[in-house]
1. Along the charge dipole of the chain, which of Ile64, Phe125, Thr22 sits closest to the positive end, that is, farthest toward it, with unit charges on the beta carbon of Lys, Arg, Asp and Glu (+1, +1, -1, -1)?
2. Could you do me a favour and compute the accessible area per residue for the chain, 1.4 Å probe, result in Å²?
3. Using amide H atoms built 1.01 Å from N in the peptide plane, name the residues 5+ places from Leu32, or on other chains, whose amide H lies under 5 Å from its own.
4. Tell me the carbon and sulfur percent of the accessible area for region 11-94, rounded to whole percent, probe radius 1.4 Å.
5. To the nearest 0.05, what FRET efficiency results for Lys48 and Phe24 with a Förster distance of 25 Å applied to their C-beta separation?
6. Mind checking which helices in the chain clear 15 Å along their axis (Cα) and have mean Kyte-Doolittle hydropathy of -1.0 or more, DSSP H runs only?
7. Add +1 for every Lys or Arg and -1 for every Asp or Glu among the other residues with Cβ under 11 Å from the Cβ of Gln108, and state the total.
8. State log₁₀ I(q)/I(0) for region 76-122 at q = 0.14, 0.15, 0.31 Å⁻¹ as given by the Debye formula over alpha-carbon point scatterers of equal weight, solvent excluded.
Amino acid sequence: KKMTKKPKLFILDVDGVMTTGTFFYDKNGKLLKEFGPDDHEALKILNKYLKIIFISADKKGFNISKKRIETDMNFKLFNVPSRERFKWILRKFPKKEIIYMGDGIFDQFIMKNFFYSIAPHNSYFKTKKNSDFVTQSRSGERAVAEACEHILKKFFKKNLI
């Protein structure tokens, strides 16, 4: 892909990117999601160079994600079903300005349509194949921090520190 422009927006899926993708249930339903270290710190640095938003298809665990992403991290989170993601994004943003980070089976179909795409190491194999960059780190284990560092170097010629 030709990289003459700089991206203006980083859109990240929550589950399987910011989290390990594991949902913890008890007899009453979904209780917890596991978020990893360092991702928020790296996102705060990257946020100086482009806008960052999050999407989640998880309706039952949306309030858990909302607490972490909006309350704790101060980023916007939108509930968007997986199969509607691409159309939703296109209605709101120019696709040639977007870096998209996703992991799931439906993400494979949209990865090549953005300016740049990233997948965590433990993503669905076809999603990784259709991504521009695959992290060495697994989701929920600093994959987002690694992606932020990669974006800073590749598009803004900057380092995390």
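The values are calculated or read from the model by the stated rules, or taken from the named source; none is laboratory data. The structure presented is a predicted model; accordingly, all values stated were derived computationally and were not measured. Backbone-built Cβ (ideal geometry, glycine too); neighbour counts: all protein chains shown. Just so you know, the surface numbers come from the protein's heavy atoms only, side chains and all, with ligands and any DNA or RNA stripped out. Shrake-Rupley method; radii C 1.70, N 1.55, O 1.52, S 1.80 Å.
1. Comparing the listed Cα positions along the dipole, Phe125 ranks first.
2. For the chain, the per-residue accessible area is 54 Å².
3. Result for Leu32 returns Phe24.
4. That share works out to 50 percent.
5. Given R0 = 25 Å and the Cβ-Cβ separation, E is 0.15.
6. Answer set is 143-156.
7. Net charge around Gln108: +2.
8. Each listed q maps to, in turn, -0.31, -0.36, -1.39.
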